[in-house]
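The structure appears right after this line, and notes come after that.
The values are calculated or read from the model by the stated rules, or taken from the named source; none is laboratory data. Remember, it's a predicted structure, so these values are computed and weren't measured experimentally. Cβ placement follows ideal geometry from the backbone for every residue including glycine, while neighbour counts extend to all protein chains displayed.
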Amino acid sequence: MKHSIVFHNTQSYLSVLAAMILLQPFLSCQLYSHETEQEQTVNIVHYGPTAVPDRIVLTWTGDPATSQAVTWRMDRDAARVVAEIVLAEDGPKFAGKAKQVAATSQELDAALGSALYHTANFTGLQPKTKYVYRVGGGAHWSEWSHFTTAAREPEPFTFVYFGDAQNDIKSMWSRVVREAYADAPRAAFLLHAGDLVNNANSDAEWGEWFYAASHIHRTISCIATPGNHEYSDGALSKHWRPTFAFPENGPKGLEETVYTIDYQNVRIISLNSMRQVEEQKRWLTDVLSDNKNLWTIITFHFPIYSAGADRDNPDLRNLWQPVFDRFKVDLVLQGHDHTYARSGLRTHENVATGVTAQSPAAGTVYVVSVSGPKMYTLKPLPDMKRVAANTQLYQIITIDGNELHYQAHTATGKPYDGFTLHKRKGQPNQLIEKIPNTPERRE
């Protein structure tokens, strides 16, 4: 099928013609299976690699108090590529004091053009300190951006949790991530519970994901776990590992999808609900056996307590939850169900199969959430404390000493759900419900 483009004025025609000439070397690249030729041309203009650094994202591969990783993309013609870093100052003269840090590079031959993805690791940093950095080389640099290292000792901090973005990312997810940033601009990190995109290897969808978050991932670190849509034909997205630099402290074969990060007295654990789940149980047992942190939060994609009774995952629940119970995991953050559901305190013995099931006075809180526009039918288990259908949400979580404060917000910023977990020495967590007066959105 042939496709035509209608130009409403000469300026529009000349602009696109100029872009086509500049991008001619990329136009022979293979179409992504879901894209027409016209869509491919538009996507190259918007999301194709250039000499200017883009897709910049902060992550960690080591201790957040003394290190910071940054990954970015440039086209293959870039000269020597480095990152520069220095202590942030109030005036502009810091630039002359910046230290250069070499980057490692890997090529990614994607639909919108072959590019190099670069990662620099800043190490030997001072805890609880603001730094300024930029990436690039030669005549092409990013802007200078700030990040702040974690404190060495436990201190209060906040992070934001997102369920699936996945579909219509630019048009429909942008408002959610930006509303969350407006609510929590000093968040320590953003946590994504899988299905960041819909088609694992769509270069354009990854471009939309970075467009939606704009500068946010340049100043706030990212923690992400893969969902089923980060897999294609049984293989992890070819974008995942070039895009992110996560710890490689998980089981072999699950690098940068299963890992643990300690942040100010909280152990954050990413599990991969797609692969090698039994092997992860053994690894998780070892990781939790040697955990000196006060709080433990785990994220993975497939929920073990679903927001739809017909989407239950009993095998995964029976495999992993006894480990959660044994080591008193505090909070589990999940995606996949494209609805919202939040439990009370749950133990493995309390598998809700009927209306008489009740939450015990001990256990873990389980959450399923969605931030993008794709929605499923809500069929919650009978003892869920709060549910929502047809609602885009983000969650702000604050750790402050012996308390964990959780707030879910709709896409427009309205409070939707809330609770506090209170640590009690020698006793189970106390769950204090703080559900706002916002009507429950069941359909």
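General observations
- Residue that is surrounded by the fewest Cβ atoms within 10 Å (Cβ to Cβ), among those in region 283-316 that are of a type outside the set (A, V, I, L, M, F, W, C), closer than 24 Å to Ser371 by Cβ and at pLDDT 95 or above: Thr296
- Selection of first residues in region 286-314 that are of a type in the set (Lys, Arg) and of second residues that are not in a strand (DSSP E or B), restricted to Cβ pairs under 7 Å at least 6 apart or on distinct chains, gives the following pairs, ordered by first then second residue: Arg311/Asp337.
- Meets criteria (free of Cβ contacts under 8 Å to residues at least 60 places away in the same chain, within 16 Å of the chain's Cα centre (by Cα) and farther than 29 Å from Glu403 by Cβ) for Tyr259: no
- Members of region 203-235 found to be in contact with a helix residue (DSSP H, G or I) (Cβ under 9 Å, 6 or more places away or on another chain) and among the hydroxyl-bearing types (Ser, Thr, Tyr), listed by number: Tyr211, Ser214
- Contact annotation: residue pairs with Cβ atoms under 6 Å, 6 or more positions apart or on different chains, pairing a residue in region 383-394 that is free of Cβ contacts under 8 Å to residues at least 60 places away in the same chain and under 10 Å from Arg442 (Cα atoms) with a partner that is crowded, with 20+ Cβ neighbours inside 10 Å and among the polar types (S, T, N, Q), are Ala389/Thr339.
- Candidates Val132, Val176: the one that is assigned by TED's automatic domain parsing to the domain that holds Ile297, modelled with pLDDT of 95 or more and either over 22 Å from Ile269 (Cα atoms) or surrounded by fewer than 21 Cβ atoms within 10 Å (Cβ to Cβ) (or both) is Val176.
- Residue among His405, His422, His409 that alone is farther than 15 Å from Val365 by Cα and part of a strand (DSSP E or B): His409
- Ile298 being among the hydrophobic types (A, V, I, L, M, F, W, C) and in a loop (DSSP other than H, G, I, E, B): no
- The residue of region 48-91 that is nearest to Thr123 (Cα to Cα), among those that are acidic (Asp, Glu), assigned to a loop (DSSP other than H, G, I, E, B) and modelled with pLDDT of 95 or more, is Asp63.
- A single member of Gly91, Gly62, Gly96 is over 15 Å from His239 (Cα atoms), surrounded by fewer than 21 Cβ atoms within 10 Å (Cβ to Cβ) and touching a residue at least 24 places away in the same chain (Cβ under 8 Å), and it is Gly62.
- Selection of first residues in region 414-431 that are among the basic types (Lys, Arg) and of second residues that are assigned to a strand (DSSP E or B), restricted to Cβ pairs under 9 Å at least 6 apart or on distinct chains, gives the following pairs, ordered by first then second residue: Lys423/Trp295; Lys423/Glu403; Lys423/Leu404; Lys423/Asn429; Lys423/Gln430; Arg424/Gln430.
- Number of positions in region 147-184 that are within 16 Å of the chain's Cα centre (by Cα) and under 28 Å from Val86 (Cβ atoms): 5
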